[in-house]
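Colleague: Below is one structure. I have some questions about it.
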Amino acid sequence: MGYPSFRDTQYLPSQKVLITDRCIDWLILWAIPPWITPNHITLFRIVATAPTLFLLIAGYYDIAVPLFLFVASTDAIDGALARTRDRITEWGMMFDPLADKLLIVPVLLIFLLRNLPIPLAFTIIFFELLIIITAILWRKRGGVIQANVWGKIKMILQVLGVFLLMLAVWLSIPLGIPAAIVLGASIYFSILSMVYHGA
């Protein structure tokens, strides 16, 4: 089975529209022009990850932290756009979860030695890599990896946990323990997401 094309307009059968999708539709999606597809937003997240990571490494937190939150928020936007407008593509199903991991895993590594217990960080990274490997193997067997509620909860917890770590470093606030609790909880939802063949 070959890799899907970004320009593929062969839309897959629609998935169940979540309540969160309806909320995002009401708040944001109405302002997105029809020519912008979910794949455009996913590609933006992949491209925007590099400058976000650079600014974090360089210590420009006043720019990097809001940028990180904005880039991470596009994960909810592209998924909601795909489901509410019936624009689910094979490319999006493959690269949307990959884009999340390209953003989250390096950020965890950046803050690993500062505020996060090393076993916890490596456990999170291990499960993210395991999800990628499982998705590849599942796809080779003809299976379909779909977004599920467990994967969405996991992503929200990871973004929140990483945001707390950023605040801890940026503003010198002792938030390491709350961040570790939130990120620890994300591991549970990573496992659930994997069990139900989600990402």
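Colleague: Any chance the range 190-199 includes a residue that's among the aromatic types (Phe, Trp, Tyr) and either modelled with pLDDT of 90 or more or under 13 Å from Ile104 (Cα atoms) (or both)?
Modeller: Checked the range 190-199: no residue is among the aromatic types (Phe, Trp, Tyr) and either modelled with pLDDT of 90 or more or under 13 Å from Ile104 (Cα atoms) (or both).
Colleague: Mind listing just one residue for me: the one in the range 16-56 that is at pLDDT below 90 and surrounded by 17 or more Cβ atoms within 10 Å (Cβ to Cβ) and, of those, farthest from Ala72 (Cα to Cα)?
Modeller: Among them, the one singled out is Leu18.
Yes or no, residue by residue, for (1) of a type outside the set (Asp, Glu); (2) buried (at least 18 other Cβ atoms within 10 Å of the Cβ); (3) in contact with a Gly (Cβ under 9 Å, 6 or more places away or on another chain):
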| residue | (1), (2), (3) |
| --- | --- |
| Asp78 | no, yes, yes |
| Arg83 | yes, yes, no |
| Asp86 | no, no, no |
| Asp100 | no, yes, yes |
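Colleague: Could I ask something else about it? Within the range 16-23, does at least one residue satisfy the condition of being touching a Phe, Trp or Tyr at 6+ places or on another chain (Cβ under 7 Å), in contact (Cβ under 8 Å) with a residue 40 or more places away in the chain and on the phi < 0 side of the Ramachandran plot?
Modeller: Among the residues of the range 16-23, not one is touching a Phe, Trp or Tyr at 6+ places or on another chain (Cβ under 7 Å), in contact (Cβ under 8 Å) with a residue 40 or more places away in the chain and on the phi < 0 side of the Ramachandran plot, which makes the answer no.
Colleague: Also, I was wondering about something else. Suppose we filter Leu56, Leu109 for residues that are touching a residue at least 60 places away in the same chain (Cβ under 8 Å), closer than 23 Å to Ile177 by Cβ and part of a helix (DSSP H, G or I); which single one remains?
Modeller: Leu56
Colleague: Here is a further query. Tell me yes or no: at least one residue of the range 66-87 is farther than 15 Å from Tyr11 by Cα, modelled with pLDDT under 95 and either in contact with a strand residue (DSSP E or B) (Cβ under 9 Å, 6 or more places away or on another chain) or among the charged types (D, E, K, R) (or both).
Modeller: Yes, because at least one residue in the range 66-87 is farther than 15 Å from Tyr11 by Cα, modelled with pLDDT under 95 and either in contact with a strand residue (DSSP E or B) (Cβ under 9 Å, 6 or more places away or on another chain) or among the charged types (D, E, K, R) (or both).
Colleague: Can I ask one more? Would you say Ser186 is out of contact with any strand residue (DSSP E or B) (no Cβ under 7 Å at 6 or more places or on another chain), among the polar types (S, T, N, Q), surrounded by 15 or more Cβ atoms within 10 Å (Cβ to Cβ) and at pLDDT 90 or above?
Modeller: yes
Colleague: Within the range 118-132, identify whether any single residue is among the hydroxyl-bearing types (Ser, Thr, Tyr) and at pLDDT below 80, and answer yes or no.
Modeller: Checking the range 118-132: not a single residue is among the hydroxyl-bearing types (Ser, Thr, Tyr) and at pLDDT below 80.
The values are calculated or read from the model by the stated rules, or taken from the named source; none is laboratory data. As the structure is a prediction and not an experimental result, all values here were calculated from the model. Glycine also receives a Cβ, built like all others from the backbone with ideal geometry; neighbour counts cover every protein chain displayed.
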